[in-house]
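To keep things clear, I will list the structure first and then write my remarks on it.
The values are calculated or read from the model by the stated rules, or taken from the named source; none is laboratory data. Every value quoted in this text rests on a predicted model; they were computed, and no experiment measured them. A quick note on method: Cβ atoms are made from the backbone with ideal geometry, for glycine too, and the neighbour counts reach across all protein chains shown. Please note that ligands, DNA and RNA were not included when accessible areas were found on the heavy atoms of the full protein model with its side chains. Shrake-Rupley method; radii C 1.70, N 1.55, O 1.52, S 1.80 Å.
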Amino acid sequence: MDSISVTRLYHIINRTIAEVDKYTGEAINKEMLLFKERYTYHLRHNPQQSLFSEECPSISEMIQAMNFCDSLQAYHLATDVDAKAPSSLSEQDCRILLEGIDTYRRHIYPENVFKLDIIENIAKRQLPEYRQAYLLADYKRDVLFVISRRKHYQKNIKNKQPVTKDYERYALHFYEKITKDDEMKCIEICPEKMELYKLTLEIIDCLPKEKYNRTDKFKLKSQLWSSIAKSLLKLEETNTAAITKAHSEAARYARAAENALAHATNYEVVTALRRKRQKDEWDYH
């Protein structure tokens, strides 16, 4: 009787989770398949005992456990980095995994909790109702990393330590990635997206000047402040002070962009005239 107890079932589920990232070529749900055979045999020969036994899993519990382990096997195959043609994780498998995680979490051994959390995160990323939240969280993590690298650079400058402007490379990668992300553009305005707008303002200062000059950066900041103003009108329409500030900042940076462009244009004209005068003087002599 002990070999088909609920305790044994939870043990097999834990063993399956423990094997989920070990790629030996064997199916990780093989132990559950053997357990199913023993369970079927017992149910066939002791039907009445099974109905009243608290130790033996019910048929519905067995079906859920089997489905969960089957989906763990699908996850196992889909995440095999060495596979030549890894299979994709279906939406149905993702939902079975999340349902199983919710059911079995309290029975998961401490050493398996970390793996369980990874499985949960990957499964949620595949589902539309979680996808956008994860995308916003990923971008927030990336932008905070860039900001932290810039602070590290500034700290080293202050302490007269060797420095590298690696934050500029990270900032450029982040900015070009987020501005080309059509999925990001389709996300409706929400507090998390507005927060990302505000954080991205700091990224603008981190962009390399070889790619974005002062005029470019002022224009980008004006656009971001304009987006923040529109967001506030939807999310906090009664917060007139914040809305007014956002509009004011958008206008201020727009003027700064115009002034910077005019200064740059004037500088180019003056430089061209100076070079022409120097050439004329050289030719004359």
Between residue 141 and residue 158, with labels modelled 7 Å along Cα→Cβ, what's the label distance in nm to one decimal, could you check?
2.8
C-alpha center-to-center spacing [the stretch 166-191, the stretch 119-150] in angstrom:
12
Using Cα Rg over 2.2 N^0.38 Å as the read-out, say which of (i) 1.67; (ii) 1.76; (iii) 1.60 was calculated from these coordinates.
(iii)
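Compute the relative contact order of the stretch 12-116 as a whole-number percentage, counting only Cα pairs closer than 8 Å that sit 6 or more residues apart in sequence. List each step's numbers first, then the result.
Values: 74 pairs, mean separation 36.7, N = 105.
This gives 35 percent for the stretch 12-116.
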Within a Gaussian network of the chain (alpha carbon springs, distance under 10 Å), most fluctuating of 13, 63, 203:
63
For the chain, the accessible surface attributable to carbon and sulfur atoms (probe 1.4 angstrom, ligands and nucleic acids excluded) amounts in percent to 53
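Would you calculate, for the chain, the mean residue ellipticity at 222 nm contributed by helices, counting each DSSP H stretch of 4 or more residues as -39,500 (n - 2.57) and dividing by all residues, to the nearest 500?
Numbers: 12 runs with 214 residues, N = 285.
When only DSSP H runs of four or more count, the value is -25500 deg cm²/dmol.
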Cα-only Debye scattering, the stretch 98-211: base-10 log of I(q)/I(0) at q = 0.12, 0.16 Å⁻¹:
-0.60, -0.85
